[in-house]
Amino acid sequence: MEKVEKVANMKPAVAQNQLRKSDIKILLVDDREDNLYSIESIFEKDNYTIVKASSGREALKVLLKEQDFSLILMDVQMPDLNGFETATIIYERDKLRNIPIIFITAFGYDEDYIFKGYKTGGVDYIYKPVNPEVLRMKVSVFVELYRKNQQLLQHEKRLLTTNKSLQKEIEERKSSEEKIKLLNERLVQNNAHLKAVNEELDRFAYVASHDLQEPLRKILVFSDKILMKDNLDKETEKYFKKIIDSSKRMQLLINDLLSVSRQSMNASEFRETDLNVIVKEVIAELEIQIEKNNAHIHIDELPIICAIPALMRQVFYNLINNAIKFRKKDVDPAININSQIISPKNESPRYKISISDNGIGFDAKYREEIFMVFKRLHSFHEFEGSGVGLSICKKIIEKHNGSVVAEGRPGEGTTFIIELPREQ
């Protein structure tokens, strides 16, 4: 009667060894039961999982269900199917071709016989009577080869998984790059369209403001003529004065709107500009207001930069004029203008220019809004102006690749900080 038996030695003395070798599974094939048990006893200390088959056919049945053997030890001389015939049938199956077979034989060292075993796929021979140490040594070599092969297979699986993950990442990155490229193209198109719209808007603002000047001048002229008549009653005179005041405010708004629309520039207009000269010219222009309000202006050494002089003059005029205009009552205006060089890494030098005053200041929550066109924090009756001056300054500075921010607190004055590059 044929038998199939699995044996896994689990002795406490070899518990650590068991953990290390539990992955090794060996199929013993011999028609004599005493040989099976004697060979099994040789591997008792090695803690291999041993499966025994008492014939070639029984071995084939085992291999139909289990293919995870590390090694097959098979007797050559067996009835019905001998070891060579059994090996030939085993290696016909793809799943079993990588299991090494060591033949056990009592036929000595006949070369034809040995060649026949190798031809069927065997990898080595053990000769009877079996030397336990030789058998263990040969098996340990194939066990180590099996382990190395399993490590390589696991490594290959990890590499395939990693490769698949990398491939997916590359595909996702390519998809993202294509999306970014498309978005950039759209952004360029939108910027070009926005530039065209802004230029058209500036042209419209200029034309509209220019065309409004003529009827407004007529309103002022005819209102003045009517006021010069002697037969006006007081109420009529009052209303005409209001018309003239409103017309003057409207004229101021139109002039400022024209100023905003005219802030265009060409690369050819940039030149070496000494800001010390610019500020002196502005102070000379504001001389009457400075004397009238007893303003004190302190100016440190300012840099020479590449800029459009007329536009830089407009910036300093607006900021110094604002510092005088938004003064505290009964306090002489004090204005300080200074600069320092900033040198970011891998960039050309930039200058930070500060213009500070001791005026009425402003609430920090409005630090962005004050640069908006026609934005006023105070009524026209308190301080004259259209609310365009600071927006013009911001527009000019940004066109010079610079930036401007405002800092201040109510009652503690205001500081405008301008950053400008030395070169354009």
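Between M228 and N191, the modelled label-to-label distance comes to 5.7 nm, taking each label 7 Å out from Cα in the direction of the beta carbon. Taking all protein chains as shown and a probe of 1.4 angstrom, I24 keeps an accessible surface of around 0 Å².
Summary of the geometry: segment 127-206 and segment 279-335, compared by the centres of their Cα atoms, lie 62 Å apart. Annotation: extensible slack from L64 through K280 equals 67.5 nm (criterion: 0.36 nm per residue apart, minus Cα-Cα distance). Straightening the chain between E368 and M137 buys 74.7 nm, computed as 0.36 nm per residue apart minus the Cα-Cα spacing. If you wrap the Cα atoms of segment 14-146 in a convex hull and average its projected area over all directions, you get 7.7 nm².
How big is the shadow of the Cα convex hull of segment 80-184, averaged over all directions, in nm²? Present the calculation step by step, with values, prior to reporting the outcome.
On the way: hull surface 41.0 nm².
Taking a quarter of the hull surface, the average projection is 10.3 nm².
Only lysines eight or more places from K168 in sequence, or on another chain, were considered; those with a Cα closer than 25 Å are K157, K179, K181.
Cross-link partners for K328 among the aspartates and glutamates, with Cα-Cα distance under 20 Å and sequence neighbours closer than 8 places in the same chain left out: E287, E291, D357, D363, E382, E384, E407, E412. Could you check the simple spin-label distance between L159 and E269, using points 7 Å along Cα→Cβ, in nm with one decimal? Placing both labels 7 Å beyond Cα along the Cβ direction yields 6.6 nm.
The trypsin sites (Lys or Arg not before Pro) found in segment 39-99 that occupy coil by DSSP, while having at most 14 further C-beta atoms within 10 Å, are R93, R97.
The values are calculated or read from the model by the stated rules, or taken from the named source; none is laboratory data. Only a predicted model underlies this, so the values are computations on that prediction, with no experimental measurement involved. Methodologically, a virtual Cβ is constructed for each residue, glycine included, from the backbone with ideal geometry; neighbour enumeration extends over all protein chains shown. For the accessible areas, the whole protein counts, side chains as well, though only heavy atoms, and no ligand, DNA or RNA atoms are used. Shrake-Rupley method; radii C 1.70, N 1.55, O 1.52, S 1.80 Å.
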